[in-house]
Structures are given as C-alpha cells and as structure tokens.
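First up is the structure itself, then whatever we jot down about it.
The values are calculated or read from the model by the stated rules, or taken from the named source; none is laboratory data. Everything numeric here is computed off the predicted structure, so don't read it as measured data. Note: ideal-geometry Cβ built from the backbone for every residue, glycine included; neighbour counts use all protein chains shown.
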Amino acid sequence: MAPEPDGTLPKAPRSFLSRFGLRFGISVVIGAALFYLAFRGLAPGRLVDAFAQADYVWILPFLGTLVGVQLFRAWRWRFLLQPVTNTPPGLWRLLVISSVGFAAIIMLPLRLGEFVRPYLIADPRNVGPDKATGTGGHRLRVSAALGTIAVERVMDGLMVSLFLFTSFGFLADRPGAPDWMMPTAYTALAVFGGATVFLILGLWRPTFAVQAAGWLTLLTPLSRRFGGRLERWRIKVEDLLGGLISGFSALSNAGCLFRFVATSLIYWLFNGLGFYVLARAFHLDLPLVSAYAICGMVAIGIILPAGPGLVGNFHEFGKFGLQISLPAAVIAGPGMAFIVAIHGLQFLWYVGVGLVALRSRHARFSQVIGAVAEKPPPDPE
C-alpha cells in the first residue's frame with residue numbers, strides 16, 4: 001500500500017504494525033524471562049563439554065522421527081476437514097500448508113502462526129483439482145477451518161495430558177521426584193477436559209454454546225447495557241463462533257473421528273520417540289517413559305504464549321521434564337545440552353521445510369502476511 005502524501009503510512013497497515021510490534025515485544029519479554037530461568041546458574045563450559053562428547057550419529061534416526069511427525073501432522077488434518085468440505089484436500093497440499101503453518105507458529109510471536117493454516121486452506125486463490133470448498137458448494141470459511149484447528153489443539157492437549165498422567169504415575173515414586181508432578185498432570189487434564197466439554201456442547205447445542213460464551217465473557221450483558229460498538233463486536237464474535245463451531249463437525253463423524261485419533265496417536269508416538277532417540281546422543285540414561293514425560297512438558301510449555309523460535313518456553317519446560325528423571329549435576333551439563341540440541345534441530349527442520357514449502361503454488365508469502373494481518377481472503381471473483 002502506497003504512503004499518504006505527507007509520507008505517513010495509511011491507517012490499516014500502521015495499525016497492524018503497531019499491534020504486531022506490541023505482540024512481538026511482549027513475546028520477547030516472556031521468552032527472555034523463561035530463557036534466563038532455564039540457564040541461570042549453569043556453567044557454559046559444561047554445555048560445551050557435553051556437545052564435544054556427544055555421539056552425533058543419533059541425529060540421523062532423530063531426523064527420521066521428524067519426517068514421521070511432519071507427515072502424520074498433515075495427514076490427520078484431512079480427517080477434520082473432510083466433514084466441512086465437498087472434496088477433502090490431497091495429502092500433498094495438506095503437507096505444504098501444514099509445513100508453512102508450523103514454521104509460522106515457530107517464527108511468529110504469541111502463536112500468531114495458528115491462523116496461517118486456516119487462511120491458506122480457505123483461500124480461493126489456491127486452485128487445483130484438490131481445492132477445498134465448503135459443503136453444499138459454498139466457500140469454505142476461515143472460521144470453519146479454524147474450528148478444525150481448535151479440535152486439533154484440544155485433542156493434542158488431551159493426549160499430552162494423558163501422556164503426562166501416565167508417565168508421571170510411573171515416575172512419581174522415584175527418589176527425588178518433584179512434588180509438582182501429579183498436580184501438573186491433574187491441572188492439564190482439567191483444562192483440556194473442560195475444553196473437550198465445550199467442543200461437545202458446541203456440536204450438540206451450537207446456539208446455546210455461542211450464547212453461553214457471550215454471557216461468560218460478559219460481552220452480551222455489556223452490549224445490551226451500552227450498545228454501539230460493543231453490540232457490533234457481539235454480532236461479529238457470535239458470527240465467528242458460529243463458523244468456528246461448524247469446524248467441529250468431525251466429532252459427529254465416527255469414521256473421521258476414529259482416523260483422526262489414530263493418526264494423532266501415531267503423531268505423538270513419533271514426537272516422544274524423537275526425544276528418546278536424541279537423548280542417546282548425549283549419553284543420557286533416560287527410559288522411554290521419561291522421554292515422553294519430557295516431550296509432554298515441552299508440549300505444555302509451547303502451548304503457552306511464546307516468543308519467536310519458541311525460545312525460553314522450550315528450554316524452561318524441557319528443564320522441568322529433565323528434573324523428573326535426572327539429578328541436578330547431569331541436568332546442568334548433558335541434560336540442558338540435549339534440550340538445546342533438540343530445540344535447535346527441530347527449529348532448523350521445521351522452519352527449513354516451511355520455507356521450501358513456500359515455493360509451492362499452494363502457499364504464498366503474501367498469504368502468510370494476510371493471515372497474520374487478519375485480512376480476509378479475497379472473493380473468488
């Protein structure tokens with residue numbers, strides 16, 4: 001967009017840049033604080049020694065687990081999109097869009113990248129034989145596609161909570177096990193269990209779910225009292241929630257739901273296996289159950305608002321996971337070196353694959369910017 005005659009930016013981009021700048025600043029503060037907590041008191045020399053003594057041959061099988069994660073993350077999304085599309089998108093298109101979307105989640109602050117996948121899958125400019133359109137020949141709404149992401153995130157949260165609950169149950173009796181283990185597992189189960197209840201309520205009684213959200217957030221009573229802009233916001237939010245709930249359709253399709261749960265389970269098995277494999281490179285005597293506990297703690301950490309690169313969140317919650325099974329002396333050297341390595345390798349892999357995927361006709365850099373700027377896709381005309 002061209003500048004105004006006085007040289008200033010038009011209002012819309014300036015507003016976007018100011019919002020993005022604020023979010024970026026907040027995320028950097030969060031990430032820096034958690035990064036400091038993760039590495040305070042650690043001697044850099046111990047980390048250097050751990051990297052010098054590492055057996056890097058284990059990187060090859062670790063990369064194999066990343067390939068499995070990449071494929072199953074894309075494939076499982078198809079079973080959520082199937083009930084809201086006339087023709088579900090093909091695996092290649094899903095792989096491209098998922099790769100770009102996950103790279104955006106890693107690179108952008110406060111998980112703004114979550115909006116990239118729904119935007120790309122609903123954008124009518126992505127033409128092709130496997131073009132996804134909404135049911136009944138209507139255009140697929142971004143909010144409906146976002147609803148499928150909501151289902152995906154809740155399912156991920158439930159699976160991670162169950163992983164934590166199971167692994168913590170096995171490890172709670174170990175000498176020196178932290179006191180926060182089981183309360184953390186119960187809290188995660190409560191949070192994502194409550195989110196599951198909302199998904200089911202939205203599918204069973206969509207109108208009631210939208211109205212309940214309005215009252216719980218106080219938007220409905222405030223809009224009735226003051227009207228004006230609040231009333232316009234209420235209408236917009238209710239329309240958005242209605243579209244979002246339409247993306248829950250996979251929950252009512254037994255076949256799609258079963259296949260989604262099955263592929264999600266395999267996806268998380270690959271995730272945990274990657275932690276187990278790379279731990280061998282740093283000579284860490286971690287049983288498989290401990291590797292899944294660390295994976296679960298990292299997953300909980302990066303669900304929270306994070307800075308670019310997931311720096312800080314990944315390291316601090318990874319350190320929490322290490323405390324379950326390893327003594328402090330080991331954590332201060334090979335343990336944190338392992339966390340740094342797995343974060344760095346995942347960052348390079350997922351961002352690199354995402355950048356390569358941007359060369360496909362199914363995803364463009366301008367669309368990523370449009371998703372982050374909350375600019376709706378253009379009409380097909």
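Things to note:
- Odd one out for Ser366, checked against (1) in a helix (DSSP H, G or I); (2) touching a helix residue (DSSP H, G or I) at 6+ places or on another chain (Cβ under 9 Å); (3) closer than 30 Å to Ala122 by Cβ; (4) not aliphatic (A, V, I, L, M): (2)
- Test result for Ala291, at pLDDT 90 or above and within 22 Å of the chain's Cα centre (by Cα): yes
- Meets criteria (without any contact (Cβ under 8 Å) to a residue 60 or more places away in the chain and part of a helix (DSSP H, G or I)) for Val210: yes
This table checks each residue for (1) out of contact with any Leu (no Cβ under 9 Å at 6 or more places or on another chain); (2) modelled with pLDDT under 75; (3) β-branched (Val, Ile, Thr).
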position	(1), (2), (3)
Ala177	no, yes, no
Met181	no, no, no
Ala190	yes, no, no
Gly194	yes, no, no
Phe208	no, no, no
Ala212	no, no, no
Thr217	yes, yes, yes
Ser223	no, no, no
Gly242	yes, yes, no
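- Contacts under 8 angstrom Cβ, first residue in segment 178-195 being farther than 11 Å from Val160 by Cβ, partner assigned to a loop (DSSP other than H, G, I, E, B), 6 or more apart: Pro178/Ile324; Met181/Ala172; Met181/Ile324; Met182/Ala172
- Selection status of Arg78, basic (Lys, Arg), more than 24 Å from Met297 (Cβ to Cβ) and touching a Pro at 6+ places or on another chain (Cβ under 7 Å): yes
- Selection within segment 244-268 - of a type in the set (A, V, I, L, M) and either over 20 Å from the mean Cα position of the chain (by Cα) or modelled with pLDDT under 90 (or both): Leu244, Ile245, Ala250, Leu251, Ala254, Leu257
- Residue in segment 76-123 that is surrounded by the fewest Cβ atoms within 10 Å (Cβ to Cβ), counting only those that are over 28 Å from Ala254 (Cβ atoms) and among the small types (Gly, Ala, Ser): Gly113
- Residues being within 17 Å of Val69 (Cα to Cα) and either of a type in the set (A, V, I, L, M) or free of Cβ contacts under 8 Å to residues at least 24 places away in the same chain (or both) - total across segment 275-299: 7
- Within segment 97-127, if we keep just the residues that are more than 16 Å from Ala145 (Cα to Cα), assigned to a helix (DSSP H, G or I) and of a type in the set (A, V, I, L, M), the residue that is modelled with the lowest pLDDT turns out to be Leu110.
- Test: residue in segment 165-183 that is among the basic types (Lys, Arg) and part of a helix (DSSP H, G or I): no
- Trp233 passes every criterion in (1) closer than 28 Å to Ile303 by Cβ; (2) surrounded by 15 or more Cβ atoms within 10 Å (Cβ to Cβ) apart from (2).
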